[in-house]
1. Read through the list (1) crowded, with 22+ Cβ neighbours inside 10 Å; (2) within 17 Å of Gly44 (Cβ to Cβ); (3) out of contact with any Phe, Trp or Tyr (no Cβ under 8 Å at 6 or more places or on another chain); (4) touching a residue at least 60 places away in the same chain (Cβ under 8 Å), then give the number of the only condition that Arg108 fails.
2. When you check Asp70 against the structure, is it farther than 16 Å from Tyr142 by Cα, among the acidic types (Asp, Glu) and either within 11 Å of the chain's Cα centre (by Cα) or at pLDDT 50 or above (or both), yes or no?
3. Determine whether the stretch 84-96 contains at least one residue that is part of a loop (DSSP other than H, G, I, E, B) and at positive phi.
4. Sort out which residues of the stretch 56-68 are surrounded by fewer than 24 Cβ atoms within 10 Å (Cβ to Cβ) and under 18 Å from Trp134 (Cα atoms), and write them in order of number.
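The values are calculated or read from the model by the stated rules, or taken from the named source; none is laboratory data. What you see is a predicted model; the values in this text were computed from it and never measured. Methodologically, a virtual Cβ is constructed for each residue, glycine included, from the backbone with ideal geometry; neighbour enumeration extends over all protein chains shown.
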Amino acid sequence: MKRAFAVVVAGATAAVAGLGGTAAARPSVGRANCVGSSFSGTLGVNQSICAGGYTVTMQDNGDLVLRRSDLSACYASGTRAPGDASAVFVFNRVGPPYIDINSTSQGRVGRIMGAHEYLHFGTNASVNNKGEFWVGYKKVGYC
C-alpha cells in the first residue's frame, strides 16, 4: 500500500511517499536516542520520539523519518541537510503549530505543518503506539 504526504520544503511543495522502507534513505538507522513520545523543543541529529515500537527520528542526512520496529519507513519529510540538521517544534498562537527542519549550514530546509483544534492549542509533536505521527492536532504521517 502506498501513502503520500505533502510537506512544504523551502517554500515549495514536495510529495513524499511512504513505501515501507524504500521512501527514506537509511544513513544511520540503528537505535536512535529516544527522548520520549513527544517533543515541544528541538530534536537533534539521531534523536527520536518513540512509542510502541514506532520512532520518529531526525536522521543524520536531514530527513525526519517515522519507522516501524523492523526499521521500515512509513513517512519521511524529504528534507536533506549535511549532518547538522535539527527538527524544531514551533508553537504558534496566531497560526497552526509546525516543525521546522533547520540546518546550521543551509538554514531552513523544510517545514511540516500541524494544526490546532477549536479551543485547544497543539503544543507538541508526538508519535503514538498506533504508529501515528502528529504535529499538534494534525496527523502528518502513519504506518
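1. Of everything listed in (1) crowded, with 22+ Cβ neighbours inside 10 Å; (2) within 17 Å of Gly44 (Cβ to Cβ); (3) out of contact with any Phe, Trp or Tyr (no Cβ under 8 Å at 6 or more places or on another chain); (4) touching a residue at least 60 places away in the same chain (Cβ under 8 Å), Arg108 misses just condition (1).
2. Considered against the rule, which asks whether it is farther than 16 Å from Tyr142 by Cα, among the acidic types (Asp, Glu) and either within 11 Å of the chain's Cα centre (by Cα) or at pLDDT 50 or above (or both), Asp70 comes out as no.
3. No, that holds for no residue.
4. Arg68 - this is the single residue of the stretch 56-68 that is surrounded by fewer than 24 Cβ atoms within 10 Å (Cβ to Cβ) and under 18 Å from Trp134 (Cα atoms).
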